[in-house]
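Chemist: I have a structure here, written as structure tokens, and I will follow up with some questions on it.
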Amino acid sequence: MKTKILLPVLTLLCFVYANAQDSILFPKPQVVLKIKPSETDSRITKADTPHFIAYNPSNEQGKLLLFIPGTNGIALKGPKNLFATAIEQGYAVINMSYINTPAIARICKGENLEANANCAADFRNWRVYGNTEFPLIEDASYDAIVNRLTKLLMYLSENDKQGNWSRFLENGSPKWSEIALAGQSQGGGMSAFIAKTNLVARVIDFSGGWDYSAKNEIANWYSTASVTPVDRYYGTFHKKEPMAQTIEKTYKAMNIPEDHIYGFDLDVPKGKRAHSNGVRNLGYKDQWIALLGKGN
């Protein structure tokens, strides 16, 4: 009986805490919205936890920062100190809710990688665009990141007029030139992958994954030509995370300028992971500001 009573109480306390945190980090007149993907596209049923949206209505011409979480990431639990900093820099923020499991590293290995050296790129293409079949994961075409973003921007344009969301759409598609991409781990790699074929405002890759084309060989897509100029790319990693050297190698393969690569080294709190410390540790706020630049 006590357990049955405690669970709802704990759920309520978590809800109250989360909303209190939002009101502190995003004080009025800032706006915080939480919208399920299914509200924007009724076909979506998987990974239907809400997108997190925050912005200051006074930044009418600011760019959009689209943040893409890593594996097992939940948009409502995203790095809100980073988002608050982005709004200070003039951005509107969307933390994307999408299917982020299984991870690429779980699928594109062993026999799957031996059979297809482009496994990682094919995986990312299906999860981002949903326009080329990739049978090793169960994502549907409409689950793709770009569809979710497009439908969310359309929904916001119609239902949140003060946000002026239509400025991020062009002919029914994302207006990439007004969008900066950022993400952590799998999401950082997705951000860089999108920027390869779309001219985006900026790319910030936080510890963005380690795709391979063969054993001990990083994936070929990292070194392909990019539509987004390389001087708009930024990459970070924590020096104590296990895959730090490989992540840095992917950044160099993408020709990210040396002074745009940040090797973080602040102490990681006990019980936390160095891999995600770069987006969570407020001690990096000065670096976040440099990475974000001005959003307006």
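For (1) under 23 Å from Arg106 (Cβ atoms); (2) open to solvent by 80 Å² or more (accessible area, probe 1.4 Å), each residue gets a yes or a no:
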{"position": "Glu217", "(1), (2)": "yes, yes"}
{"position": "Pro229", "(1), (2)": "no, no"}
{"position": "Arg232", "(1), (2)": "no, yes"}
{"position": "Pro242", "(1), (2)": "yes, yes"}
{"position": "Gln245", "(1), (2)": "yes, yes"}
{"position": "Asp265", "(1), (2)": "no, yes"}
{"position": "Pro269", "(1), (2)": "no, no"}
{"position": "Lys272", "(1), (2)": "yes, yes"}
{"position": "Leu282", "(1), (2)": "no, yes"}
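Chemist: Just for the range 19-43: of the residues that are open to solvent by less than 30 Å² (accessible area, probe 1.4 Å) and of a type outside the set (S, T, N, Q), which one is nearest to Ile99 (Cα to Cα)?
Modeler: The residue in question is Pro37.
Chemist: Also, quick follow-up: Among what's in the range 44-68 and is touching a Ser or Thr at 6+ places or on another chain (Cβ under 9 Å) and open to solvent by less than 10 Å² (accessible area, probe 1.4 Å), pick the residue that is nearest to Tyr142 (Cα to Cα).
Modeler: Among those residues, the one meeting the criterion is Ile44.
Chemist: Sticking with this structure for a sec: May I ask you to list pairs of residues, at least six apart or on different chains, whose Cβ atoms are under 7 Å apart, with the first in the range 259-279 being touching a residue at least 24 places away in the same chain (Cβ under 8 Å) and over 17 Å from Pro242 (Cβ atoms) and the second being acidic (Asp, Glu) and part of a helix (DSSP H, G or I)?
Modeler: Ile261/Glu248
Chemist: Among the residues of the range 118-143, how many are open to solvent by less than 50 Å² (accessible area, probe 1.4 Å), of a type outside the set (S, T, N, Q) and under 15 Å from Ile104 (Cβ atoms)?
Modeler: Looking only at that region, the number is 11.
Chemist: Would you check which residues across the range 169-215 are surrounded by fewer than 24 Cβ atoms within 10 Å (Cβ to Cβ), in contact (Cβ under 8 Å) with a residue 40 or more places away in the chain and assigned to a helix (DSSP H, G or I) and list them?
Modeler: Glu178
Chemist: Looking at Trp165, Trp176 in this structure, which one is under 22 Å from Gly70 (Cα atoms) and of a type in the set (Phe, Trp, Tyr)?
Modeler: Trp176
Chemist: Do we have any residue at all in the range 73-87 that's hydroxyl-bearing (Ser, Thr, Tyr) and either open to solvent by less than 10 Å² (accessible area, probe 1.4 Å) or in a helix (DSSP H, G or I) (or both)?
Modeler: Within the range 73-87, the first condition is being hydroxyl-bearing (Ser, Thr, Tyr), and the residues that meet it are 85.
Narrowing further to those that are either open to solvent by less than 10 Å² (accessible area, probe 1.4 Å) or in a helix (DSSP H, G or I) (or both): 85.
Yes: one or more hits.
Every residue, every condition in (1) modelled with pLDDT under 95; (2) among the hydrophobic types (A, V, I, L, M, F, W, C); (3) in contact with a Lys or Arg (Cβ under 7 Å, 6 or more places away or on another chain), yes or no:
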position	(1), (2), (3)
Leu65	no, yes, no
Ile74	no, yes, no
Gly90	no, no, yes
Cys119	no, yes, no
Phe123	no, yes, no
Asp139	no, no, yes
Asn147	no, no, no
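The values are calculated or read from the model by the stated rules, or taken from the named source; none is laboratory data. No experiment lies behind these values; they were computed from the predicted model shown. Here the Cβ is made from the backbone with ideal geometry for all residues, glycine too, and neighbour counts use every protein chain on show. In case anyone asks, the SASA skips ligands and DNA or RNA and just uses the protein heavy atoms, side chains included. Shrake-Rupley method; radii C 1.70, N 1.55, O 1.52, S 1.80 Å.
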